[in-house]
Amino acid sequence: MESAIPSSAAAPVGATNWLARRTLGDWLYALLLVAGAVLAYTRYGEVMDGYEVAILALHVPILAALGWAWRPFRLYAAAVAVLALASIWLYQGDLGRAEQNFFLKYLISSQTAITWMSACFFIATGAYWLGMAAKSDFGERTGSRLTWAASVMGATGLCVRWYESYLLGPEVGHIPISNLYEVFVLFSLITALLYLFYEGRYGTRKLGAFVLTVISVAVAFLLWYAFTREAYQIQPLVPALQSYWMKIHVPANFVGYGGFALAAMVGVAYLLAERGALAGRLPEKKVLEDVMYKAIAIGFAFFTIATILGALWAAEAWGSYWSWDPKETWALIVWLNYAIWLHMRLTRGLRGKMLAWWAVVGLVVVTFAFVGVNMFLTGLHSYGSL
Amino acid sequence: MQQRANTRASVLEALVELLSSMRFAISLLTVLAIAAIIGTVVQQNEPANAYLNQFGQFWDPVFSRLGLYTVYNTGWFVAILAFLVLSTTLCVIRQFTPMLHEMRGFREHAREASLRAFAHSASLTPTLTPETRRGAVSDYLARAGFRFRVDERDDGVLVAAKRGGVGRIGYFLAHGAIVLICLGGLLDGNLPLALQMSFAGKAPTNGNQPIAHIPASARLDAGNWSYRGNVYIPEGASADFAVLNLEDGILLQKLPFKVELKRFNIDYYPTGMPRRYASDVVITDDDGQRFERTLEVNKPFEHRGVTLYQSGYDDGGSVLRFTLHDFAPGKRPPHPLEIEVGTRLPLASLGYGLALELTNFRPINVENTAAPSATPGKFTGSGAGRLTDKSLKNFGPVFTYKVRDDAGQALEFNNYMLPLEIGGRKYLFSGVRKSAATDYSYLRIPVDEEDNAETWFAIRRIFFDPARRGALTERFAKRSLDGGDKAMRERLKTTADHTLTLFTVGGLDAVSDFIEKSVPEEERDKAGAAFIQILQGLTWDAWQMARADAKLPALKAGDEHTAFIRDALIALADSVRYGAPFYLQLHDFEQKQASILQATRSPGKPLVYLGSLLLTLGIFAMLYIRERRLFVLLKGDEALVAMTSNRKTIDLDEQFAQHRDGLAAALAVKV
């Protein structure tokens, strides 16, 4: 067909030829996802309930869309899959091999992988800061690569941990997002992935130093918690947690927390830029504002879903979709906080310092809802206790 | 007159204006958040005296009056929610027409000056012939997914295009959803009950009375359409009512069916942690229809608008069979007893001015025996950790009871059925405490090779019997100084008598007090050792005397008995402070459990769920379907391109640049 537009002009934004723009790599990636889901279903389908089959099936379009919209994610997913499958293959159904097999012992058993994740996050933080201080592109690039590596190791660690839990006993096995230790790994992972997405989207690595700092703090807490309380040990699930709802409620929640944490760190960068600090080392304020808004928007959307899923689950487990349990109440407070933030920006057109401060303070509220409630208040969510 | 009506109308208008303003809505949200925080900081629905202790005499009534102990049920909190509903509703109504207009319209009458003033506008110079320009623009816009409308003007043509207008529906969905959710929440909350108590004369009553005595004013019939209550059913029994617990008593809610509990099951993980709670129930409808169901945590069951949840469990009246060992010397032999959990047994017939209240029974009791290590376990490797260790152990049945004297004073006991092994030795554990606020202190009774505690009780009876003290010390002195000087033997006997007198009154403390008072400091250690030696010797002799009483052959002294003697002596010392004149040893039990179900009727649930769905859709639509308006004004030799959006993000800059370039290309003559 004759095109009126010369090839130099890109296709119109949002044109309907979305499917036509898929590359061979995209299709291969989708095919692998389908193959993976089919394999999982044929091997384990009989122990899954209908909801779990639905969740498995939904993974294919969701991960496909994610990989198609954000190409580096395809490689990421592939790396995690290869490493996790390698680990499972090396285990050969025997937990003891974590101590005997070289690769398991030093690389891809769950705890070792999580240790690698922690190390990579710490070094990445350092690299980003050095890169920023020295205005070195190499430093920032290293930081970015290490963040990818850490995210791969973290996700591998969680996948392998899932498998290990089943080796402890079929009835013990469960998805590793059931206690504070496991969700801290998830939080670090999701925050890092969200950041990497925006890093690619805006073509700037200058925010790495800020975002990786909050991830490092989370990892430091994770390690402290693991070492002082031996929290890294897989524990069986109490009856209230044995539900497919966990598989969607918890991850959705952490996309929310991750988005809010990211926004807060960008807010810090904005406030510094506002004072003229780190001149030339930060992205434009316009970009900072934009990332902050988008992080809060995605965080808010997923946090809404998470809270609703939580209510649906609560209705099934506790007999009431809302019990004003402290965790629920604080989730509502977090939700209200960001709802007001969004109203201020979108309806009032508020911009600048005020919103940045608000995003930073928002992280304090989020942290309290995430960790503080478990430390200081008692309630139904006590399995996340410190 | 006209004037007054006008004023009234304008006041109303101002009021609506205020209520539907975003300022008001945001203030409400803020107040709601603060109120919610108070509710998490002050623990809700605690017993009244707990608050009195916490806040003191001055603040407690103030807080109570403000409703801080039941924040989410107070009138002012419900009022905030009601205002939120009102404000959001008014806001949606007010926005409806303008937003609909905005959604439908193309703004094709936009003026040139205002287009030029847009933050994103650019002037292009088309090289295409004037007659084809309009077609080129339309083609481009259609390909880019825009809908558009053309306005022919005197001096040119405006093509007004837009995409993503449906995003505005998100506004109605999300805000309508908030209204739905709040309304649903009000229906399921405390409000319906509060209305029944205010207008239908319902009043809670004391929960400590038989069901039959509960007055009609505290009974709600099966037609009640919103409630949440607990149903307690022992195995083999049935119930057709739920108990609603209120601040100042209970209400009985009749259920439209009868629930019979056949069995309550708990499954355990290998670690002893509960894995599954399940109640096998038979439900009998009012019309006689019967069917069986299993209720589990996370697997509720709905019938006739009432949902039943597995919510808890309790003992349902297990029957426990004990042996009562009396500590006192020379009294009755071990006495059999049978009691049901949850009942009270006066012991007057056994000669005690006491009553026994059996409060709880747990047949399985798993504890972690791993010593808390200072060095953490291995962090790397698999996450298996201690689950694979054998540090978790089932200690078997445990029961708790209170021994209450005639004055009403009670001590609480916590006894294990099976002897527990510690350091290769076995003991029966019995914990005692004065109040629930303190930890149990444990008496550890050593058992013999047959795991029998009676050996120790026999020793104790002789040890503490003044009538046999002479014979005991005589025997001890004779054995210790066999063939020695008679005077020395007499002295030793006297010392032993004295020691025993001290010990039987005050345990080892009395002996050490005595040493402190009468022995110079530098010799105390030596003296202490001597006293212990005497006491251990006495224990041995008491044991042999007990064996003789039971017509058992005497044992040959030897090192293999040292540990038992040491344990027995420690238990003898501790038993002085035990607090009850007897020890209960459990032999046998018939377990009977009770299940606690929650019965709810929540008419607001469908509203809340619908609202949740709409909220999700609305939020995604509002945040991610961005409305884009693109204007192309063809006028003379110029093509003016302008773009705007209701979401001003950086993407708009990029998209504008892209469309500007795209249009420039579309309007250029192809080479």
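The values are calculated or read from the model by the stated rules, or taken from the named source; none is laboratory data. Model, not experiment: these values are computed from the prediction. Note that each Cβ is placed from the backbone with ideal geometry, even for glycine, and that neighbours are counted across all protein chains shown. Heads up: the accessible areas ignore ligands, DNA and RNA and are worked out on the full protein's heavy atoms, side chains in. Shrake-Rupley method; radii C 1.70, N 1.55, O 1.52, S 1.80 Å.
Quick notes on this structure:
- The single residue among B:F96, B:F83, B:F106 that is in contact (Cβ under 8 Å) with a residue 24 or more places away in the chain and assigned to a loop (DSSP other than H, G, I, E, B) turns out to be B:F106.
- Checked against the criterion of being buried (at least 20 other Cβ atoms within 10 Å of the Cβ), in the same structural domain as B:L538 (by TED's automatic domain parsing) and more than 31 Å from the chain's Cα centre (by Cα), the stretch B:421-431 contains not a single residue that satisfies it.
- Pairing each residue of the stretch A:212-231 that is facing chain B (nearest Cβ under 9 Å) with any residue that is open to solvent by less than 10 Å² (accessible area, probe 1.4 Å), provided the two are 6+ apart or on different chains, yields C-beta distances under 7 Å for A:L223/A:S118; A:A226/A:Y181; A:A226/A:Y232.
- Residue in the stretch B:51-69 that is open to solvent by less than 30 Å² (accessible area, probe 1.4 Å), without any contact (Cβ under 8 Å) to a residue 12 or more places away in the chain, more than 14 Å from chain A (Cβ to nearest Cβ) and over 20 Å from B:L32 (Cβ atoms) present: yes
- Of all residues making up the stretch A:200-213, the number that are surrounded by fewer than 22 Cβ atoms within 10 Å (Cβ to Cβ) and either within 14 Å of the chain's Cα centre (by Cα) or part of a helix (DSSP H, G or I) (or both): 4
- Candidate set from the stretch B:2-44 (those that are among the β-branched types (V, I, T) and open to solvent by less than 40 Å² (accessible area, probe 1.4 Å)); member that is farthest from the other protein chains (Cβ to nearest Cβ): B:V42
Each row is one residue, and each column tells you yes or no for (1) modelled with pLDDT of 85 or more; (2) more than 12 Å from chain B (Cβ to nearest Cβ); (3) more than 30 Å from B:T74 (Cβ to Cβ); (4) more than 26 Å from the chain's Cα centre (by Cα).
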{"residue": "A:L342", "(1), (2), (3), (4)": "yes, no, no, no"}
{"residue": "A:V366", "(1), (2), (3), (4)": "yes, yes, no, no"}
{"residue": "A:F370", "(1), (2), (3), (4)": "yes, yes, no, no"}
{"residue": "A:T378", "(1), (2), (3), (4)": "no, no, no, yes"}
{"residue": "A:L386", "(1), (2), (3), (4)": "no, yes, yes, no"}
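- Those strands (runs of 3 or more DSSP E) lying entirely in the stretch B:569-671 with at least 3 residues touching a residue at least 24 places away in the same chain (Cβ under 8 Å), more than 10 Å from chain A (Cβ to nearest Cβ) and within 52 Å of the chain's Cα centre (by Cα): B:582-590, B:593-601
- Subset tally (residues that are part of a helix (DSSP H, G or I) and loosely packed, with under 15 Cβ neighbours inside 10 Å) for the stretch B:537-568: 6
- Test: residue in the stretch B:208-219 that is open to solvent by less than 20 Å² (accessible area, probe 1.4 Å), touching a strand residue (DSSP E or B) at 6+ places or on another chain (Cβ under 8 Å) and under 19 Å from B:T74 (Cβ atoms): no
- In this structure, A:A261 qualifies as over 17 Å from A:M132 (Cα atoms) and either open to solvent by 20 Å² or more (accessible area, probe 1.4 Å) or in contact with a helix residue (DSSP H, G or I) (Cβ under 7 Å, 6 or more places away or on another chain) (or both).
- Residue in the stretch B:73-80 that is open to solvent by less than 50 Å² (accessible area, probe 1.4 Å), touching a His at 6+ places or on another chain (Cβ under 7 Å) and in contact (Cβ under 8 Å) with a residue 12 or more places away in the chain present: no
Yes/no per residue for (1) touching a residue at least 60 places away in the same chain (Cβ under 8 Å); (2) in a loop (DSSP other than H, G, I, E, B); (3) closer than 16 Å to A:I190 by Cα; (4) open to solvent by 40 Å² or more (accessible area, probe 1.4 Å):
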| residue | (1), (2), (3), (4) |
| --- | --- |
| A:T115 | no, no, no, yes |
| A:M132 | yes, no, no, no |
| A:F138 | no, no, no, yes |
| A:W162 | no, no, no, yes |
| A:G173 | no, yes, no, no |
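- Of residues in the stretch B:322-345 being open to solvent by 60 Å² or more (accessible area, probe 1.4 Å) and in a loop (DSSP other than H, G, I, E, B), the one modelled with the lowest pLDDT: B:K331
- Any hit, the stretch B:647-667, residues being among the hydroxyl-bearing types (S, T, Y), at pLDDT 90 or above and closer than 30 Å to B:H175 by Cβ: no
- When the stretch B:633-669 is limited to residues that are open to solvent by less than 10 Å² (accessible area, probe 1.4 Å) and in contact with a Ser or Thr (Cβ under 8 Å, 6 or more places away or on another chain), the one that is nearest to A:M292 (Cα to Cα) turns out to be B:L652.
- Looking across B:F106, B:F146, one residue alone is over 23 Å from B:L18 (Cα atoms) and modelled with pLDDT of 90 or more. It is B:F146.
- Filter result (in a loop (DSSP other than H, G, I, E, B), at the interface with another protein chain (Cβ under 9 Å from one of its Cβ atoms) and either at pLDDT below 60 or open to solvent by 70 Å² or more (accessible area, probe 1.4 Å) (or both)) within the stretch B:354-387: B:S373, B:P376, B:G377, B:K378
- Only listed residue being more than 24 Å from B:G611 (Cβ to Cβ) and in a helix (DSSP H, G or I), chosen from A:L288, A:L309: A:L288
- Qualifying residue in the stretch A:313-336 (condition: out of contact with any Asp or Glu (no Cβ under 7 Å at 6 or more places or on another chain), open to solvent by 30 Å² or more (accessible area, probe 1.4 Å), more than 7 Å from every other protein chain (Cβ to nearest Cβ) and farther than 19 Å from B:V608 by Cβ): no
- Number of residues in the stretch B:268-321 that are within 16 Å of B:E235 (Cα to Cα), surrounded by fewer than 15 Cβ atoms within 10 Å (Cβ to Cβ) and among the hydrophobic types (A, V, I, L, M, F, W, C) equals 1.
- The set of residues in the stretch A:146-169 being of a type in the set (V, I, T) and farther than 22 Å from A:W129 by Cα consists of A:T156, A:V160.
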